[in-house]
Amino acid sequence: MRHLTLVQQEMYCKALESALDAGHQILASGGSSLDAVTAAVVALEDDPLFNAGRGAVYNAAGKHELDASIMDGATLRAGAVAAVSRIRNPVRAARAVMEKGPHVLLVGRGAEQFARKQGLQLASGKYFHTQSRLEALRKGLARHHGTVGAVALDRRGDLAAATSTGGYTGKLPGRVGDSPLIGAGTYADNASCAVSGTGWGEAFIRIALAHEVSARMRHKGEDVTRASKAALRMLAGIKGDGGLIALDRRGDIAMPFNSEGMLRACVRADGRRVVKIYR
């Protein structure tokens with residue numbers, strides 16, 4: 001990620017705290033992990049600081065195409081949307097796909113029509129405009145990307161994960177990255193962990209990074225930290241950059257990355273918090 005000024009770091013940390021509060025309040029009151037990750041990601045989608053929802057980057061055609069997914073670790077149900085341009089909160093649409101229909105992934109106009117039928121809020125292209133994102137496109141900033149995500153464990157022992165993104169600046173129209181692909185950018189299974197990733201999506205897809213963490217825990221007996229770091233080493237092996245957040249059924253948390261920094265935050269069951277950007 002690019003270097004942030006002290007003022008920018010403060011802004012990002014404050015926004016992370018707000019998203020953390022949105023999810024943690026639900027868990028603290030006995031709510032579900034699915035509701036918690038949805039609330040946290042919606043908070044980030046609504047904040048123009050982040051490359052998701054309102055702050056999404058522009059593609060090569062000067063348009064916005066957004067992706068999101070969500071997964072329930074208790075049932076392995078999952079839902080996702082990709083290449084949508086009018087859904088205000090793509091993570092809500094992903095959840096509607098999971099809960100209201102027979103499919104896992106809907107794309108483009110079909111996803112938007114489905115979202116409208118479910119009563120979800122749509123927005124015009126102006127809603128997603130941010131000047132800094134437009135300038136990034138005009139400057140031709142390659143691989144200028146970012147993703148938001150959340151993982152949670154509730155009182156019932158159920159895990160959930162959700163991820164949302166605008167992709168990367170200057171991507172070709174119709175490009176779909178890892179964020180809406182179950183097993184690549186998002187995965188949750190009560191038998192292992194919940195994972196949400198951020199980084200170069202093409203590399204994440206090629207190694208099925210999110211599922212790789214879960215598979216290493218289930219089949220090799222690795223803990224969540226070791227499995228997460230091993231998956232990242234695979235990413236580095238194909239010159240991919242990024243990071244992930246992972247949470248297991250015992251509440252252990254891993255947030256490794258191989259980039260310069262990664263915006264990240266967590267709150268543990270005892271209330272202890274971590275909010276960081278760089279190492």
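The values are calculated or read from the model by the stated rules, or taken from the named source; none is laboratory data. What you see is a predicted model, and the numbers here were worked out from it, not measured in a lab. As a convention, Cβ positions derive from the backbone with ideal geometry for all residues, glycine included, and neighbour counts pool all protein chains shown.
Worth pointing out:
- Pairs with Cβ under 7 Å, 6+ apart, first in the stretch 29-51 and under 17 Å from residue 265 (Cα atoms) and touching a residue at least 12 places away in the same chain (Cβ under 8 Å), second part of a loop (DSSP other than H, G, I, E, B) and among the β-branched types (Val, Ile, Thr): 51/57
- When residue 154 is tested against (1) without any contact (Cβ under 8 Å) to a residue 60 or more places away in the chain; (2) among the acidic types (Asp, Glu); (3) surrounded by 14 or more Cβ atoms within 10 Å (Cβ to Cβ), just one condition goes unmet, and that condition is (1).
Residue by residue, here is whether (1) touching a residue at least 60 places away in the same chain (Cβ under 8 Å); (2) closer than 23 Å to residue 89 by Cα; (3) crowded, with 23+ Cβ neighbours inside 10 Å; (4) not hydrophobic (A, V, I, L, M, F, W, C) holds:
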{"site": "161", "(1), (2), (3), (4)": "yes, yes, yes, no"}
{"site": "177", "(1), (2), (3), (4)": "yes, yes, yes, yes"}
{"site": "192", "(1), (2), (3), (4)": "no, no, yes, yes"}
{"site": "211", "(1), (2), (3), (4)": "no, no, no, yes"}
{"site": "247", "(1), (2), (3), (4)": "yes, no, yes, no"}
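- Just one of the listed residues (149, 110, 119) is surrounded by 15 or more Cβ atoms within 10 Å (Cβ to Cβ), within 19 Å of residue 69 (Cα to Cα) and either among the small types (Gly, Ala, Ser) or out of contact with any Cys (no Cβ under 9 Å at 6 or more places or on another chain) (or both), and it is 149.
- Considering the conditions (1) in contact with a strand residue (DSSP E or B) (Cβ under 9 Å, 6 or more places away or on another chain); (2) assigned to a helix (DSSP H, G or I); (3) closer than 24 Å to residue 193 by Cβ, residue 50 is excluded by exactly one of them, (2).
Let's see how each residue does on (1) under 16 Å from the mean Cα position of the chain (by Cα); (2) under 19 Å from residue 41 (Cβ atoms); (3) modelled with pLDDT under 95; (4) hydroxyl-bearing (Ser, Thr, Tyr):
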site	(1), (2), (3), (4)
168	yes, yes, yes, yes
199	yes, yes, yes, no
211	yes, no, no, no
225	no, no, no, yes
230	no, no, no, no
248	no, no, no, no
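- Note on the stretch 213-232: among residues that are in contact with an Asp or Glu (Cβ under 6 Å, 6 or more places away or on another chain) and of a type in the set (A, V, I, L, M), the one that is surrounded by the most Cβ atoms within 10 Å (Cβ to Cβ) is 231.
- Close pairs (6 angstrom Cβ cut-off, 6 or more residues apart or separate chains): free of Cβ contacts under 8 Å to residues at least 40 places away in the same chain and at negative phi in the stretch 112-126, among the small types (Gly, Ala, Ser) and in a helix (DSSP H, G or I) anywhere: 115/93; 118/96; 120/93
- Top-ranked residue in the stretch 213-231 [being charged (D, E, K, R) and touching a residue at least 24 places away in the same chain (Cβ under 8 Å); ranked as nearest to residue 188 (Cα to Cα)]: 218
- Within the stretch 89-107, the residues that satisfy the criterion of being of a type in the set (A, V, I, L, M) and crowded, with 24+ Cβ neighbours inside 10 Å are 91, 93, 94, 97, 106.
- Subset of the stretch 262-279 (residues that are in contact (Cβ under 8 Å) with a residue 12 or more places away in the chain, exposed (fewer than 15 other Cβ atoms within 10 Å of the Cβ), under 15 Å from residue 23 (Cα atoms) and among the charged types (D, E, K, R)): 268, 273
- Residues of the stretch 16-58 that are within 23 Å of residue 200 (Cα to Cα), among the hydrophobic types (A, V, I, L, M, F, W, C) and surrounded by fewer than 21 Cβ atoms within 10 Å (Cβ to Cβ): 49 alone.
- Identity of the residue in the stretch 232-245, touching a residue at least 24 places away in the same chain (Cβ under 8 Å) and hydrophobic (A, V, I, L, M, F, W, C), that ends up nearest to residue 43 (Cα to Cα): 245
- In the stretch 66-88, the residues that are crowded, with 24+ Cβ neighbours inside 10 Å and outside any strand (DSSP E or B): 73
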